[in-house]
Each structure stands twice: as structure tokens, then as C-alpha cells.
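Read the structure below first, then the notes.
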Amino acid sequence: MDTKSKSSHKSGIFVVIILLSICSLIMLSRYSGISSNLESLEKEPEVLPYESSLRSVGYDLAEGNYLLYNEYAGETEPSEVLEEYGQRNFDLTSRYLDYGVFNSEGEQLLDSVSETEAERLTGDEESGNYSFRVKYSFSENGALSDIQVDGTELSPEQEYNLESSFLYDAEQVRMEDMISSIADPSGITVVYGMDEENLAAFTQDYMTEYGLGSENADASAVDASSYYRDAMETLGFIVILTALLLPVRRRLDISEMKLFRVPFEIPVLVLFLMLCSYEVNMIPAQIVYMTVKGTLLPGMGYGGMEMLAMAFNFAMWFFIFGVLFWAVTSIRAVVRMKGAYWRERTLTMKLIRHYRGKGTESDEAMVRKAGGIVRRIKRFFAKQYDALQHLDFRDKTNRTILKIVVINYIILAIVCFFWYYGAFALIIYSVLLFLFLRKYVKDLQDKYKLLLKSTNQLAEGHLDAPIEGDIGLFNPIQEELKKIQKGFKKAVDEEVKNERMKTELVTNVSHDLRTPLTAIITYTDLLKHEKDEEKRKEYIDVLERKSLRLKVLIEDLFEISKAASKSVAMHFMKVDIVDLIKQAGLENDSKIREAHLEFRWKLPEHKLVMWLDSQKTYRIFENLIVNITKYAMPHTRVYIEMTERENEVHISMKNVSATELNFDTEEITDRFVRGDASRNTEGSGLGLAIAKSFAELQHGTLKISTEADLFKAEITLPKLEIPPEEEQVKEAEIIPAE
């Protein structure tokens with residue numbers, strides 16, 4: 001845009017600002033007159049509610065004429081009236097009334113009316129002392145001949161207005177030929193009366209029923225708006241005229257600014273709301289009323305707050321007139337653009353061209369922007385819907401519930417904004433809510449079916465069947481089902497493993513017991529028939545060796561069975577664990593030398609006293625060292641390291657295996673599992689199992705790991721609290737290693 005255009009825009013903007021400011025100041029100048037008029041209105045006696053509420057009973061009283069006369073004459077059975085016409089509004093209105101039916105001589109015709117009440121109804125206004133009284137007179141031919149209204153709370157003008165209203169209601173009831181068909185009143189007068197107390201109660205109930213009591217402020221705001229409406233309409237006309245004529249002067253034309261280049265539908269909608277929406281028009285009326293009454297801001301009545309309130313009102317009027325100017329200026333472009341305006345400035349045409357595939361670049365850009373807005377709205381609602389689908393009832397859901405309530409409140413507030421069209425909007429909202437709830441419940445049902453499918457698979461024993469899929473609210477249950485499935489599978493695998501181990505146990509025990517036993521039987525038989533003393537001596541040595549082998553095997557079986565049955569007696573005492581492991585190494589020194597191994601010890605230099613069973617702990621060390629001498633590669637180094645930690649002692653033993661380590665490290669500590677599958681080495685196969693059991697009996701752990709040919713045993717023993725006594729013997733239970 002060139003400098004001249006900018007200068008023109010500045011001149012036009014300046015003129016518009018001056019115009020809007022003058023209009024706003026003129027509106028503010030009306031406030032003093034509005035305040036005076038409201039004060040004078042509030043000083044007038046409040047008779048309007050009485051007249052307004054009494055007008056509402058005209059139809060009920062007209063029906064009551066026929067009901068009361070039928071009560072006297074009995075032309076139609078009361079049960080038939082109730083069955084045919086149901087409960088009438090007169091039955092409710094009569095609670096506030098005294099009433100009676102009188103003939104031409106003034107005699108009371110109803111048995112339910114007392115003599116005192118009849119005299120009061122037929123007396124003059126002062127003697128009757130009714131705040132409101134009405135008399136319906138019927139001629140001999142059954143026509144309604146007269147209606148008279150009087151009362152201490154009514155002015156002559158109000159009495160006349162009510163008589164006209166009641167006459168119209170009576171004609172309506174007669175012409176409808178409904179309740180009027182039950183009887184033909186003739187030659188009677190029906191009188192109704194309300195005393196001051198009943199009139200006040202009836203008026204209060206009427207105002208409550210129709211919401212008039214809660215709308216006093218709105219009524220006052222309407223009164224306030226009536227005193228500035230003429231000025232606002234005149235000033236609005238001036239603003240509209242300015243918006244139409246200002247572009248005539250090229251220097252003042254600002255209609256080409258981007259602010260005014262909006263689609264036709266937007267300013268039309270704004271103008272419609274400004275001119276036709278009751279709620280939109282009530283907003284400035286309320287603000288004006290609160291300003292002149294001094295309730296708009298706290299502390300009004302003092303100079304500073306008064307000025308702030310007037311500044312707020314000035315900004316409000318400036319905005320209202322500014323929006324009016326903007327809307328008219330935006331639409332005025334049709335004069336300059338003519339037919340091009342409808343092609344370029346209407347959303348409808350842009351959408352039509354887009355869907356026909358003939359959209360321009362600006363059309364596509366508009367559609368993309370609109371689509372982006374729609375997508376963001378859809379994503380927002382999809383996110384909220386997903387949040388409802390994934391509520392976790394284990395956590396507090398107050399925030400989610402509050403969010404739902406707030407969203408529902410906003411929707412209902414928008415519905416209420418339509419006022420007379422609110423019922424139609426509520427129908428649409430109810431339909432949308434039904435569709436939403438139906439989809440929500442259907443999704444829940446589908447997810448529930450997925451959950452049932454998973455539980456059925458689990459119940460049928462399909463432990464390997466995957467439990468997958470997003471099931472919303474039931475996701476926590478799905479996670480628990482996965483844990484159950486995993487636990488069942490682990491238990492089944494463990495049971496299968498135990499069965500396999502039992503089979504191997506029987507096989508291995510049979511083999512390990514039968515081998516020395518067979519040798520003993522064989523050599524015993526040979527010994528019986530051998531005469532050579534040298535051979536007899538040789539046979540006896542073999543028998544002794546095999547017997548000791550059988551003894552060791554039986555003792556190991558006995559030890560492991562006691563550990564499995566949790567009946568091992570533990571004798572805890574103060575033990576220097578450093579000295580104990582050294583002792584185990586020294587006593588097995590000959591085996592170490594025979595295996596051609598070099599042990600490297602890395603132990604604490606100080607004593608490390610712990611509360612342990614010395615015999616069981618020594619057995620752990622001995623079994624591991626003996627295991628090393630059997631399976632370690634000759635002429636290699638063995639590393640034994642002890643580390644003291646805060647609450648435990650860690651011992652590791654590492655060696656290079658002579659054979660390939662192809663066993664399961666989780667099973668190597670089970671009973672009768674050996675590293676050499678060929679079982680060429682001497683031993684029961686219970687060494688590591690016993691060591692693990694004794695470690696667990698002392699609340700410790702034994703863990704075996706391998707890496708290539710490196711075999712590593714790690715023992716962890718906790719530092720138990722040493723009791724005051726020197727020794728303590730107790731039955732210990734196995735605590736499973738984690």
C-alpha cells in the first residue's frame with residue numbers, strides 16, 4: 001500500500017473514531033435522565049403485579065361459573081365432569097377465593113358457603129373488605145349480562161381493565177363449548193372475592209410460577225433501556241449513514257481495509273443478533289441499569305470508581321457503535337464490487353465452487369482454514385471422548401466429572417441464549433446427546449466383549465493366547481488379566497519343570513545309588529571266593545571306597561530332603577567368615593593341588609564377625625571349592641573375592657571351565673543337575689543344591705552365572721543382628737531367593 005493510501009486510511013480512521021466517541025458521549029449524557037426516571041418509577045405504588053396476576057384468573061373464574069352452578073343444579077354428575085374434563089385450573093385458583101352462587105332474591109344456593117361468608121360477598125366494598133371481588137350476572141335466558149370488578153387494592157382504571165379482560169375470557173369459555181356444556185346458568189349471580197392475605201399469596205405464587213420475581217432486575221433493565229432507546233436508534237442511524245456515505249469521499253474511504261473484507265454471512269449474523277436477539281440487547285441494558293444504580297463496580301459512589309464505571313460504559317458504547325459501523329461498512333462493499341462481491345465475499349459461493357471442483361486458490365484456502373478449525377474441534381471432542389473411555393476408577397475422577405459438568409453447562413448456556421428458539425435447540429441437543437450416549441454405550445459394550453473374550457480364553461487354558469486391544473475403561477482389568485495369565489503360565493511351567501525334575505531325580509538317584517551298590521555286591525561276592533590275601537585286601541579297599549561313596553550320597557540326600565521339608569536345625573553363632581573361608585580352602589588344599597589350580601584370594605584383612613551357622617556356612621564354601629576342583633580347567637587361576645557392604649557380605653568365586661558350559665544356569669542349583677551330562681565325575685550332583693539351600697536358610701542367596709567358559713558363583717549373606725546371648729538355636733524356614 002502506498003503512502004497516500006495510508007494517509008487516507010488514517011484520515012478515515014480518525015473521523016470514525018471521533019464519530020464513535022461523540023455517539024458514546026451522547027449516550028453517557030442520557031444516564032442522569034435515566035436515573036431520574038427510574039427513581040420516579042420506583043416511587044409509584046406497585047400495582048402492576050396485582051393487575052398482571054389477576055388477569056390470569058379470568059379464564060379460571062369463567063370456568064368456575066359453570067362448575068359452581070352445576071354443583072347447585074346437578075345437571076351433570078360430578079364424576080362424569082371429572083372423567084370427561086379432568087382436574088380444572090379453577091380447583092387450584094379457588095384455594096385463594098371466597099365464592100358463592102346467589103339467586104335473583106340474593107339467597108345463597110350453595111350448601112358449602114356459610115351465612116357470614118355469603119353476607120360478606122354480597123356486601124358493599126367497604127363492608128366486604130375484599131382486596132379483589134368480581135360478580136358475574138346471568139340473565140334468565142342464560143346469557144352473561146354483566147361483570148363487575150371492585151376491590152380495595154384496585155384503582156378504577158384497573159377495575160375497568162380487568163372487567164374487559166374477564167368479559168373476553170368468559171366469551172372464550174362459552175364459545176369453546178367444553179366445560180360450559182355441563183350446565184346452563186340462568187337468573188343467578190356468581191361472586192368471587194380475595195382478601196388482602198390471599199391476594200398477596202396468590203400474586204407471590206403467580207410471580208414465582210412465571211419467574212417474574214427473578215426477573216425484577218431484567219424488568220428494571222428494560223425500563224432503563226426504554227429511556228435511551230430513542231437516542232441509541234438515532235445515533236445508530238447516524239453511524240449507519242456514515243458507514244454508507246464515508247466511502248464517497250475518497251480521502252476518507254477505509255472500506256478496503258482488511259478488517260472489512262470479511263464474508264457476507266458474518267456481518268449479517270452480527271446485525272441479526274444486535275437487532276433481534278433479546279439476550280444481546282439486554283447486556284447493555286443491564287450494564288446501564290447497574291451503572292445508574294451504583295452497583296456495577298464495588299465502591300461506586302466515590303469519585304475514582306464512578307469514573308472507572310463511566311469509562312467502562314464509554315468503551316461499551318464505543319464497541320457497540322463500532323461493531324455496527326464495521327458490519328455496515330463490510331456489507332457496503334457490494335455497492336463497489338457489485339456481482340463480484342457475491343462471488344468473492346460469500347462463504348456459500350466458496351463452498352459451492354469447492355464442492356463442484358471449481359474453487360479458486362482463495363476458496364481452497366478458506367476451506368482449509370475452516371477444515372482446520374473443524375478438525376481441531378473434532379480432535380478436542382475426540383480427546384474428551386477418549387478420556388471418558390479411559391477413566392481409571394482407581395484414581396480420583398473429580399477432574400473429569402467437573403470437566404463434563406462444565407462442558408454441559410456451556411452447551412446449555414448456549415441453548416438458553418436462543419431464548420424463544422431454546423426449545424428447538426434443546427430438542428437438537430437431546431438428539432445429539434442420545435446419539436453420543438448410544439455410541440458411548442456401544443463402544444463400552446464392544447470393549448466389554450473383548451474383555452469377556454480374553455477371560456474366556458484364560459478360563460479355557462489358552463495361556464499363550466495374546467490379550468491385546470484397547471478396551472478403554474477396562475484397560476486396568478486387562479493389565480491384571482495379563483498378570484494372571486503370566487502367573488498361571490509361570491506356575492504351569494514351574495509344575496512342568498518340577499515333573500521333569502522328579503523324573504530326572506528318580507533316574508539319577510537310581511543310577512547314583514545302583515553304581516556303588518552294584519560294586520559292593522560284586523566285590524563282596526569276589527571276596528567270598530578269593531584266597532589270595534593281596535587281592536582280598538584290594539577288594540576290601542574297593543568295598544570301603546564304594547561304601548564311603550554310598551554314605552556320602554545318602555547323607556547328601558538326607559541333607560537336601562531336610563532342607564526341602566524345612567526342618568533343618570540352624571545353630572547360629574558368632575562366626576569370623578574370613579577365617580571360615582580360609583579354613584575351607586586349607587582343608588581342600590590337596591584337591592586344589594591335584595586339580596593343578598592356582599587360587600587367588602582377595603579377602604578383607606580384618607576379622608568379619610557375622611551371626612551365622614558355622615557348619616552350614618562352611619559346607620557352602622566347601623561344596624563350591626570342591627565343585628571348582630572337579631570342573632575347572634587345569635593350570636588356570638581361580639579368583640575368590642569377599643566384599644563387605646553396608647548390610648551384607650558378597651563373595652564371588654570365578655573359574656574357567658574345562659568343558660563347554662551348555663547347561664541352564666537357573667537349573668544348575670536344582671537337585672541332581674550336573675554340569676557334565678555324561679556324569680563322568682564323582683559326586684552326587686547335590687553340591688550346588690545343598691549350598692543354595694544353606695545360603696537361603698541364612699536369608700542369603702546363591703546365584704550362578706556363566707560367560708563363555710567363565711563359571712561364576714556369587715554368594716550374598718546378610719548381616720543379621722547379633723542377639724545378646726552367645727548362641728541361639730532355632731528352627732529356620734527357607735526364604736526363597738529373589
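The values are calculated or read from the model by the stated rules, or taken from the named source; none is laboratory data. This structure is a prediction, so every number in the text was calculated from the model and none was measured. No Cβ is skipped: glycine too gets one built from the backbone with ideal geometry, and neighbour counts run over all protein chains shown. Surface areas here come from the heavy atoms of the whole protein model, side chains and all, with no ligands, DNA or RNA. Shrake-Rupley method; radii C 1.70, N 1.55, O 1.52, S 1.80 Å.
Overview of results
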{"quantity": "Subset of 602/703; 383/453; 403/483; 383/482 violating a 25 Å alpha-carbon distance limit", "calculated": "383/453; 403/483; 383/482"}
{"quantity": "Percentage relative contact order, region 241-341, counting C-alpha pairs under 8 Å, at least six apart", "calculated": "41"}
{"quantity": "Region 613-655: relative contact order as a whole-number percent, Cα under 8 Å and 6+ apart", "calculated": "30"}
{"quantity": "For region 171-187, 3J(HN,Hα) per residue [Karplus equation, 6.51 cos²θ - 1.76 cosθ + 1.60, θ = phi - 60°, Hz, x = Gly/Pro]", "calculated": "5, 4, 5, 5, 6, 5, 6, 10, 5, 5, 7, 7, 7, 10, x, 8, x"}
{"quantity": "Per-residue SASA entry for residue 72, accessible area with 1.4 Å probe, Å² rounded to 10", "calculated": "110"}
{"quantity": "Nonlocal amide H pairs with residue 100, under 5 Å, H built at 1.01 Å", "calculated": "191"}
{"quantity": "Per-bin percent of Cα-Cα distances, region 235-297 [10 Å]", "calculated": "17, 32, 30, 18, 3"}
{"quantity": "Most to least packed among 594-603, 698-707 [average Cβ atoms within 10 Å]", "calculated": "698-707, 594-603"}
{"quantity": "Relative contact order (%) - criterion: Cα under 8 Å, at least six apart; region: region 513-665", "calculated": "19"}
{"quantity": "Calculated FRET efficiency for the pair residue 297/residue 39, C-beta based, R₀ 22 Å, to 0.05", "calculated": "0.60"}
{"quantity": "Sequence ranges 310-318, 577-585, 442-450, ranked by mean other-Cβ count within 10 angstrom, highest first", "calculated": "577-585, 310-318, 442-450"}
{"quantity": "Spin-label model distance (nm) - residue 257 vs residue 477, 7 Å beyond Cα toward Cβ", "calculated": "6.2"}
{"quantity": "Amide H contacts under 5 Å for residue 649, placed H, 5+ residues apart", "calculated": "717, 719"}
{"quantity": "³J(HN,Hα) computed for each position of region 287-298 - Karplus, 6.51 cos²θ - 1.76 cosθ + 1.60, integer Hz, glycine/proline x", "calculated": "5, 4, 4, 5, 5, 5, 8, x, 10, 5, 10, x"}
{"quantity": "Relative frequency of Cα-Cα separations exceeding 23 Å in region 49-181, percent", "calculated": "33"}
{"quantity": "Vicinal HN-Hα couplings computed from phi for region 341-346 (Karplus, 6.51 cos²θ - 1.76 cosθ + 1.60; Hz; Gly/Pro x)", "calculated": "4, 6, 7, 9, 10, 10"}
{"quantity": "Amide H contacts of residue 568 (H built 1.01 Å from N, under 5 Å, at least 5 apart or other chain)", "calculated": "732"}
{"quantity": "Per-residue SASA entry for residue 574, accessible area with 1.4 Å probe, Å² rounded to 10", "calculated": "110"}
{"quantity": "Size-normalised alpha-carbon gyration radius of region 59-105, reference 2.2 N^0.38 Å", "calculated": "1.17"}
